[in-house]
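As structure tokens, the structure follows; a few thoughts come after it.
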Amino acid sequence: MQIAVISDTHLTGPEPWLERVYAKWLAPADCLIHCGDITTFSTWSYFMQHDRFLCVRGNCDWDLQLTAQLQDTLTARVGPITLAAAHGWGPRSQVPIKVAKAFGPDFDLICYGHTHRRDWSIVEGVQMLNPGSLGESRSLALVTVRDDCSMECEFIDAG
């Protein structure tokens, strides 16, 4: 199974480049996770076309229509794994540890954003993933999850 993870789109609405990225990498995924700073309700509505779209609120998600739809964190069972997601907060160097500690060790994968920096590392015994910024650097991550719960991450330069 494949999980597409994006964050920090910072868009006022869907743009032609986003439609190409969606068709090539996001739509085929079994699950699409957005780690916050989606920014506008129209962008969120665009991603809602995905059968399994999960999204958290980021620090730049001020649109009242949008914030009414989003929570600060989420947890979900996706195929054989249990995952969590949050946008993240605080100084960039502390975000992974803060997010890992907020959720604890009972997850196979924790996704986060905020720093605009790619990360695939183990923190507090949990696999952490930051896909980078889709809006700023056209970065996203594709996670392949095998039946034995092992995971492989591929970062995509979608620019």
Revision key, fill the gap. What helix-only [θ] at 222 nm does the chain give? Using -39500 (n - 2.57) per DSSP H run of at least 4, over all residues, to the nearest 500, the answer is -4500 deg cm²/dmol
Practice item. Work through the residues other than residue 76 whose Cβ is under 15 Å from its Cβ and net out their charges, Lys, Arg +1 and Asp, Glu -1. Key: -3
**Study point:** Isotropic mean projected area of the C-alpha convex hull, the stretch 15-77 (nm²)
**Key:** 4.3 nm²
**Study point:** Under 14 Å, Cβ to Cβ, from residue 2 - net charge with Lys/Arg +1 and Asp/Glu -1
**Key:** -2
Point to revise | log₁₀ of I(q)/I(0) at q = 0.09, 0.17 Å⁻¹ - the chain, Debye sum with one point per alpha carbon | key: -0.24, -0.92
Practice item. Mind checking the full-extension length gain between residue 23 and residue 48? Use 0.36 nm per residue of separation minus the Cα-Cα distance, one decimal, nm. Key: 7.6 nm
Point to revise | Chain lengthening between residue 148 and residue 92 when straightened (0.36 nm per residue, less Cα-Cα) | key: 16.9 nm
Practice item. Using label points projected 7 Å from each Cα along Cα→Cβ, tell me how many nm separate residue 138 and residue 157, to one decimal. Key: 1.0 nm
Point to revise | Whole-number percent relative contact order across the stretch 80-159, with pairs defined as alpha carbons under 8 Å at least 6 apart | key: 25 percent
Practice item. Express as a percent, rounded to the nearest 5, the fraction of DSSP beta bridges in the stretch 2-157 (both residues included) that run antiparallel. Key: 60 percent
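Every number in this text was worked out from the coordinates using simple rules, so none of it is lab data. Every value quoted in this text rests on a predicted model; they were computed, and no experiment measured them. Don't worry about glycine lacking a Cβ; one is built from the backbone with ideal geometry, like all the others, and counts go over all protein chains shown.
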